[in-house]
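Report on one structure; see the data block that follows.
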Amino acid sequence: SLRSSSFHTQFNVFVRFLLLGVLARPSLRLTCCFACSPSWLYANAMGRRPWDVRARPCTHSSMKSCFLLYLILPHLVCGKRLVDKKSRTWAKRAISEADDPIRVDITIDVQGKAAALKNAQSSQGGSGTSSLEGFVANDLWGIRDLLLIGYSAIFMKPDSSGRSEVESAALQLARLLPEVHPYEPCRTAVKEALTATNDTSLKASPRLLVAAVAEATWNCLPGHFSELSFDAEFTFDASSVQDLAKDFDSAKFAKMAHPAPDVPLGLCRGSHWPRTCSYWVSMHRMAYLADSKSQGKAFLAAVVPLLAGGATLCNGCTAHFRFLNDAFLTEAVRSDIGTGFCSGAQCASSKAHLDEFRKCTSGNADASDSKCSALSVEKKDVFSYQDFLKTTLKQEMWPASAILVALHNVVTKSIDRSFFPDGRGIPVCLSQVLKAVSSELNSNKSMLASYSVDGSLLQSVQQVPGLGPLATPSCSST
């Protein structure tokens, strides 16, 4: 136990940690660096799972023993390259409190394998534009959390009508998944889970139904995910009456869950915002299927309330999402926002940016304010996007793919470039997304025509980034 004050016990724990690393097949030196570095010592107090660098809690005496190991063993085992940046990438990522996932990982769907892509483009003399390729089924693991965290409405008030609407939205998404889940085995698994819950006891408990479907969305993936697949994951006790305080604490603990290093991912591999990356990768693909089956309206009606209720577990990005998509929110959801929490510097930056934008677009805005002048392009993007939403609400069919692509571009363009790693943050056109997703899902059906169904909708997208020719990027709307 790490709680023992015995140096001998501590050394045995260290040896077991090395053995665990060997069994997990990372390099011996990398495992040693996890165990010997200050990052490991710091993360050791975080109460995380044993396989991760954030292991179990340490007592004061055990910390002293580990620190002695840090002073002595690096020179004997790890060598002078202990602090090599490349070797400690996972340790740094695992203890970082990443921020504002919706403002960054909404772009992961179009950024793909950032490091590998950047190297490939450099060797080919490319311009650094990103790729839509690289998706694998395991990238869809976040659908489980979208259901469970979404149903829990973490950032909403207890016993409110808005919370009830969000819970109903989670049920609606659960029932849509047999049609819109991007991975065929999961469509079958979810359908079976829904069929199995048709007895009286489960009909009386929406919480049990959502939990059953959520569990199926993990088990059906090639990675066969469980809570042990992550350093920290949201726990959902479906067998008990909903405990809002317990759900909130679980969400705060798992606000930035990272998959284990050996989990095979595609587009989301190496992401600093893994859960929200998975959300957006999943939603783009679900939107495509929903549109192809004339279910775009039902899909958006299910997903938008979940994100507005705090499914991203980021206070700043939830506020930003609510502001951009206000037209889609009911009054009950719009007026209901409870206690939230942030996840780091960029989350706080998102909230500050939104406050500045609100001030600059209010009736009392100072036209000579240089900060407000710098937001002129963003104002055009935001207002064009919101006008597009208002026009969409009047339509019988809602183009879910078009709305998500436009949202991606509006958000991406609003982010300070300093928050983007190289090769990320590049807006895309709807046609690019549809082509890539269609190829992934083995579909030859072109969906572009569905986004110019009549003159009013076509006119409303002219200045929407990713949809119209008068925006950046400039894209054809037909």
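At-a-glance table
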{"read-out": "Solvent-accessible surface (1.4 angstrom probe) belonging to E133, in square angstrom, nearest 10", "value": "130 Å²"}
{"read-out": "List H181, H353, ordered by accessible area with a 1.4 Å probe, largest first", "value": "H353, H181"}
{"read-out": "Computed lengthening from S370 to R175, 0.36 nm per intervening residue step minus Cα-Cα distance", "value": "65.3 nm"}
{"read-out": "Cβ-based charge dipole, the range 198-312, positive-most Cα from F230, Y279, V304", "value": "V304"}
{"read-out": "Length added when fully stretched, V263-R417, from 0.36 nm per residue minus Cα-Cα", "value": "52.5 nm"}
{"read-out": "Loop trypsin sites (Lys or Arg not before Pro), the range 331-396, which have at most 10 other Cβ atoms in a 10 Å radius of their Cβ (DSSP)", "value": "K394"}
{"read-out": "Exposure rank, largest accessible area first [D369, D159; 1.4 Å]", "value": "D159, D369"}
{"read-out": "Calculated FRET value between K379 and L208, using beta carbons and R₀ = 45 Å, to 0.05", "value": "0.45"}
{"read-out": "K394-S161 FRET efficiency (beta carbon distance; Förster radius 22 Å; 0.05 resolution)", "value": "0.30"}
{"read-out": "Estimated vicinal HN-Hα couplings, Hz - the range 243-258 in sequence order (Karplus 6.51, -1.76, 1.60; Gly, Pro = x)", "value": "10, 4, 5, 5, 4, 5, 5, 5, 5, 5, 5, 9, 5, 9, 6, 10"}
{"read-out": "Anisotropy class of the range 274-323 from Cα gyration tensor, a/c 1.5 cut", "value": "oblate"}
{"read-out": "Modelled label reach - K252, point 7 Å along Cα→Cβ, the range 301-340 residues with backbone N closer than 12 Å", "value": "339-340"}
{"read-out": "Where labels lie 7 Å past Cα in the beta-carbon direction, separation of T339 and K359 in nm", "value": "2.8 nm"}
{"read-out": "Cα-projected label distance for E133 with D243, points at 7 Å along beta-carbon direction, nm", "value": "4.9 nm"}
{"read-out": "Under-5 Å amide H pairs with H258, H placed in peptide plane, nonlocal only", "value": "D231, A232"}
{"read-out": "Label-to-label distance, nm, for residues given as H224 and F323 (7 Å Cα→Cβ offset)", "value": "4.6 nm"}
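The values are calculated or read from the model by the stated rules, or taken from the named source; none is laboratory data. Bear in mind that the values here come from a model prediction, so they are computed numbers and not experimental data. Neighbour counts are summed over all protein chains in view; Cβ atoms, including those assigned to glycine, are modelled from backbone coordinates with ideal geometry. Surface areas here come from the heavy atoms of the whole protein model, side chains and all, with no ligands, DNA or RNA. Shrake-Rupley method; radii C 1.70, N 1.55, O 1.52, S 1.80 Å.
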